[in-house]
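Data block below; observations after.
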Amino acid sequence: MADSLTKLYAGKAAAGFMSASLLSGETLAKGNLTVLPNVAFKVNLNNFNLAAAAVADATCDFTTAGDITYVEKALAPKRLQVNKALCKNDWLSTWAGANMRAGLDGTLQTDFATYLISYAGSLVGQQVETSIWSGAAGNSGEFDGFQALLTADGTVVDVAAVGGGLNAANIIAEIGKVRDAIPNAVYGQDDTAIYMGTAAFKFYISAQAALGYLNQYHAGVTESNFEGIPIIWSPGMAANVMIAGRKSNMFFATDLEGDLTEVKLLDQTMVDGSDNVNLVMRFNAGVGFSTGADMVLYS
């Protein structure tokens, strides 16, 4: 009887693979968002406000000092999947075929199977990175990213982008606009940062070099901050977009260890007689924020 290779990881057994996949993008790998794991369906992001005038002069009576505002905002991760098929015959002439047998009983070696899952996982991480910032739930394989969510929220502080787009000559002034728009209660907090995409980040590094950062000019060794505010490179963000906010107010939700998370590598030889191996990944992912008024969107 022919051997077949079937690798199945589901629930907690899949946590290692899916965690590595989803967190392999720059934003999540560097811990630049607050990750909410084990969200199978929906999580509520709580907005609790005691009002600005919570402190008043003391009296003998209990006198309320304004209303407490409590708002719940739901973050519902979107269900996503990866379905790929490869033909074992295509790999027989490669290094991966060294431990494979030709014919209907050909099998993928275990090491290569693990590599295949890891490689596919890295591609998942890249796509998740893009969705985090510029994704649109209406597109297959994407969920609404921060840019879409912030645009739709009327409480977010909006900053109009410069006409003609960002470049090395105007990037400093444009980041200054974002800095000025950061609410005073958010400015200076330990987890407040300005997030920008690759194009804008390149312009900023170029501007620093031209200005002679620490007299190093084009040495390429610079701090990624703007007047004390950390600048976080976010490759998934669209060009000419910047976002400022607190990490504690920006969330990524996923089901890393729940029953809905699974990774499968299924050898079809014993199923339908074909020479195919099917790769299947299923997971969920989504982003959100609690307080829109604490966020700045430059676009």
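The values are calculated or read from the model by the stated rules, or taken from the named source; none is laboratory data. Computed from a predicted structure; not experimentally measured. All Cβ positions, glycine included, derive from the backbone under ideal geometry; neighbour counts span all protein chains shown.
A compact table of results
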item	result
Positions within region 112-161 being part of a helix (DSSP H, G or I) and β-branched (V, I, T), in sequence order	T114, I117, V124, V128, T130, I132, T151
Condition met for L266 (part of a loop (DSSP other than H, G, I, E, B) and at pLDDT below 95)	no
Output for region 192-211, where each listed residue is more than 16 Å from V178 (Cα to Cα) and surrounded by fewer than 22 Cβ atoms within 10 Å (Cβ to Cβ)	T198, A199, K202, I205, S206, A207, A209, A210, L211
T261 modelled with pLDDT under 75 and either among the aliphatic types (A, V, I, L, M) or surrounded by 24 or more Cβ atoms within 10 Å (Cβ to Cβ) (or both)	yes
Residue list for region 135-147, filter: buried (at least 20 other Cβ atoms within 10 Å of the Cβ) and more than 12 Å from A285 (Cβ to Cβ)	F146, Q147
Residue match in region 52-60 (condition: surrounded by 13 or more Cβ atoms within 10 Å (Cβ to Cβ), modelled with pLDDT of 60 or more and not aromatic (F, W, Y))	no
Restricting region 143-157 to residues that are under 15 Å from G245 (Cα atoms) and of a type outside the set (A, V, I, L, M), the residue that is farthest from the chain's Cα centre (by Cα)	T155
I172 vs. criteria in contact (Cβ under 8 Å) with a residue 24 or more places away in the chain and under 21 Å from T198 (Cβ atoms)	yes
So N46, is it modelled with pLDDT of 70 or more and more than 18 Å from the chain's Cα centre (by Cα)	yes
Single unsatisfied condition, H218 versus (1) in contact with a Leu (Cβ under 9 Å, 6 or more places away or on another chain); (2) at pLDDT below 80; (3) not in a loop (DSSP other than H, G, I, E, B)	(1)
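For (1) closer than 19 Å to D190 by Cβ; (2) of a type in the set (S, T, Y); (3) at pLDDT below 90, each residue gets a yes or a no:
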position	(1), (2), (3)
Y204	no, yes, no
E223	yes, no, yes
I231	yes, no, no
A238	no, no, no
N284	no, no, yes
F289	yes, no, no
